[in-house]
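Here's the structure, in structure tokens; my notes come after.
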Amino acid sequence: RSRADDAAAALAQAEALFTRRAHADGLAACRDLQAMLLGLARRWDEALALLAQNDVRPGGPRAARERFNTHQRLGWAHDATGDPDASLRERYAMLAAAQEWGDEAARALALGQLGGLHADLYNLEEAERLCREGKALAEAAQALQAWAMATLNGMNALVAQGRGAEAVPWAEALLA
């Protein structure tokens, strides 16, 4: 964020190298990163148009871990543009890609993000369920970022349900 010009220059260099080698996966990864830079600049329509070029079909030519990243960025962009239905679709696709990939930390992160989105939409019981599952997976995988996401969003879902006393241990764990 603080060195956007340097990031853009490095990304342009990577894109040129992948173009010379006709490396489709590398170019898709560059589009993922370029979309992130566009999002940071609040240029969401451009970010969405760029990400639309990436093949995210299950069983398509891109690996599940690469599709996971594209779905995550698409969800972020749809959140920012106020399209919760599209964001939910991308978050569930992100979870499916994580399951296909077989990475428990990625699956936990997807569950935590899904739980947060459901909480935002006041689907509080579903939010709590998803976050509890994500929190447990993240603990087992020792995935701190995924654990923090699931724990924070699960705590918020509990508080929003008027179950603040149950949320206290979640808050204490986060503070620790």
Original post:
Which ones in the range 2-48 are loosely packed, with under 13 Cβ neighbours inside 10 Å, at negative phi and of a type in the set (Lys, Arg)?
Top reply: Arg3, Arg20, Arg21
**OP:** Give the residue, chosen from Gly75, Gly59, Gly26, that is of a type outside the set (S, T, N, Q) and without any contact (Cβ under 8 Å) to a residue 12 or more places away in the chain.
**Re:** Gly59
Original post:
Which pairs have Cβ atoms under 8 Å, sit 6 or more apart or on different chains, and link a residue in the range 36-48 that is under 14 Å from Gly82 (Cα atoms) to one that is of a type in the set (A, V, I, L, M) and loosely packed, with under 15 Cβ neighbours inside 10 Å?
Top reply: Gly39/Ala80; Arg42/Ala80; Trp44/Ala80
Original post:
Taking the condition closer than 25 Å to Ala47 by Cα and either open to solvent by 30 Å² or more (accessible area, probe 1.4 Å) or without any contact (Cβ under 8 Å) to a residue 12 or more places away in the chain (or both), does Asn69 pass?
Top reply: yes
Original post:
Quick one: is Leu51 touching a helix residue (DSSP H, G or I) at 6+ places or on another chain (Cβ under 9 Å), modelled with pLDDT of 95 or more and open to solvent by less than 30 Å² (accessible area, probe 1.4 Å)?
Top reply: yes
Original post:
What are the residues in the range 15-38 that are in contact with a Cys (Cβ under 8 Å, 6 or more places away or on another chain) and over 23 Å from Ala77 (Cα atoms), if any?
Top reply: Phe18
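The values are calculated or read from the model by the stated rules, or taken from the named source; none is laboratory data. Because the structure is predicted, anything quoted here is derived from the model rather than measured. Positions of Cβ are backbone-derived with ideal geometry, glycine not excepted, and every protein chain shown enters the neighbour counts. Areas reflect the complete protein model, heavy atoms only, side chains present, ligands, DNA and RNA absent. Shrake-Rupley method; radii C 1.70, N 1.55, O 1.52, S 1.80 Å.
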